[in-house]
Amino acid sequence: MTLQDQEKIYTAYNGKVFGYIMNRVQRRADAEDLCADVFEKVYRKIGEFDRSRASLSTWIFTITRNTVIDYFRRNKPTAELDENLADDFVVDDNLIRSETLDELADALSTLPQVLRDIIVLRYYDRKPLTEIADLMHLSYGAVKLRHQNALLLLRQAMNITV
């Protein structure tokens, strides 16, 4: 395949491939990386393309779909957290009661910004995790895991055992 052939394929399908990916992963940097992966696979496997089995667009979108599926398989949470866990507000009320607000502010400042944002949105703004996920353009599972991680890090920073 010549460079000119690659450019034609890229020009014809890049917008559609990127749009499809972006619509599913919702993070621009990840979508750009996945789009590049798709076209790398297309160029590498073009010899396997069989026009009698599918059109070029169908073949490219099959590669695109499989690339997105692989992305979610690699990045899925390793375990689902139980929805019936103790209410998070109860846990954090105990946390706040056991330490001063100054100590809590110091502990919050040690968290990475994304975890700090989740804690502020959850407990100051009283937003549910599903709404936080929408606001931060993350999956609910990712926010839930990061929320739990933030609480763990806060407990460690404040020397609280549960």
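Any read-out appearing in this document is the output of simple, stated calculations on the displayed coordinates, not a laboratory observation. Predicted model only: the values in this text are computed from it and were never measured. When we count neighbours, we look across all protein chains shown, and the Cβ atoms used for this are built from the backbone with ideal geometry, even at glycine.
Below, the figures for the structure above:
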item	result
Region 122-162: number of residues that are crowded, with 19+ Cβ neighbours inside 10 Å and on the phi > 0 side of the Ramachandran plot	0
Subset of region 1-23 that is in a helix (DSSP H, G or I) and hydrophobic (A, V, I, L, M, F, W, C) - its residue that is farthest from LYS45 (Cα to Cα)	MET22
Scan of region 125-162 for residues that are closer than 19 Å to LEU108 by Cα and in a loop (DSSP other than H, G, I, E, B), ordered by number	ASP125, ARG126, LYS127, MET158, ASN159, ILE160, THR161, VAL162
